[in-house]
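Data block below; observations after.
The values are calculated or read from the model by the stated rules, or taken from the named source; none is laboratory data. As the structure is a computational prediction, the values presented were derived from the model and not from experiment. Counting neighbours? That spans all protein chains shown, and the Cβs are built from the backbone with ideal geometry, glycine included.
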Ligand code: ADP
């Protein structure tokens, strides 16, 4: 089966230190995947490579037919290709309503939202409502984003990214700072989002990862240490040793 994204033999060094070391990892279309690993494992650097923020020293990043790493594509060019990224902190427009935030995201070309701030013009109301429903904010459309809870802001930003119709969405620690209920709802949102595009979640919270019920990749020292179901990887002795710091 051809993969949506193939990372093969990628290495990146910072001042001689190999943050990513001969990393190979593949993602299929419409796959939900969790990436876990101790601090310093290379999770952030991995996302930086896929989104073009960091260029690999070696290896290939193949997106469809394109070798993103060789083409020297910029971050915004890669975003335009359909790779979205959700950073840990929510970045929504607090003075705008939920509806305005989603409308703006729908009208903005893929990539960062900051550039274009459209005023209220009629847009695709049905699409806005469909996304709001997908992220559980249908009854919040007229609220100012600034009044939302932390979890709701995170969902709104996920909705803004979904509005841009990515084929791959990278999500960095979505559960951080959320209540238990918000976490549960977030797993539902991500699982549903992954029905129609690939979603890769970097997460520390094991209970959250368990609820995602997806394939898990464990990173350690910049490479894949184990891959499979959460039960499989957490019963792997090398993974246990790494987490216990042995
Ligand atoms: P994680 O997200 O899994 O905690 P990171 O990708 O942030 O891991 O970091 C992997 C390793 O690379 C760490 O040891 C970190 O200190 C190092 N590193 C990351 N970015 C840089 C940088 N810009 N300069 C120097 N070292 C870095």
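Among residues of the range 87-104 that are closer than 11 Å to residue 128 by Cβ, those with a Cβ under 7 angstrom from a residue that is assigned to a strand (DSSP E or B), sequence gap 6+ or separate chain, pair up as 97/144. Here the helices (runs of 4 or more DSSP H) wholly within the range 148-246 that include at least 3 residues being within 14 Å of the chain's Cα centre (by Cα), assigned by TED's automatic domain parsing to the domain that holds residue 26 and away from the ligand (no atom under 16 Å from the Cβ) are 180-193.
If you take the residues of the range 201-212 that are touching a helix residue (DSSP H, G or I) at 6+ places or on another chain (Cβ under 8 Å) and touching a residue at least 60 places away in the same chain (Cβ under 8 Å), which of them is surrounded by the most Cβ atoms within 10 Å (Cβ to Cβ)?
Per the criteria, the residue is 201.
Across the range 104-113, a minimum of one residue is classified as touching a helix residue (DSSP H, G or I) at 6+ places or on another chain (Cβ under 7 Å), under 25 Å from residue 212 (Cβ atoms) and not assigned by TED's automatic domain parsing to the domain that holds residue 245.
Please enumerate the residues belonging to the range 19-70 that are assigned to a loop (DSSP other than H, G, I, E, B), more than 16 Å from the ligand (Cβ to nearest atom) and under 18 Å from the mean Cα position of the chain (by Cα). Please lay out each step first, then the result.
Narrowing the range 19-70 to residues assigned to a loop (DSSP other than H, G, I, E, B): 28-31, 37-42, 51-57, 64-65.
Restricting the remaining residues to those that are more than 16 Å from the ligand (Cβ to nearest atom) gives 28-31, 64-65.
Once the filter is applied, which keeps residues that are assigned to a loop (DSSP other than H, G, I, E, B), more than 16 Å from the ligand (Cβ to nearest atom) and under 18 Å from the mean Cα position of the chain (by Cα), the range 19-70 yields 28, 29, 30, 31.
Yes/no matrix, rows are residues, columns are (1) part of a helix (DSSP H, G or I); (2) at pLDDT below 95; (3) crowded, with 18+ Cβ neighbours inside 10 Å:
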| site | (1), (2), (3) |
| --- | --- |
| 104 | yes, yes, yes |
| 109 | no, yes, no |
| 112 | no, yes, no |
| 117 | no, yes, no |
| 121 | no, yes, no |
| 131 | yes, no, yes |
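Restricting attention to the range 71-80, the residues that are more than 23 Å from residue 105 (Cβ to Cβ) and either outside any loop (DSSP other than H, G, I, E, B) or within 16 Å of the ligand (Cβ to nearest atom) (or both) total 1. Of the residues examined, residue 9 is not one that is in the same structural domain as residue 228 (by TED's automatic domain parsing) and assigned to a loop (DSSP other than H, G, I, E, B).
The single condition among (1) assigned by TED's automatic domain parsing to the domain that holds residue 128; (2) under 23 Å from residue 196 (Cβ atoms) that residue 95 does not satisfy is (2).
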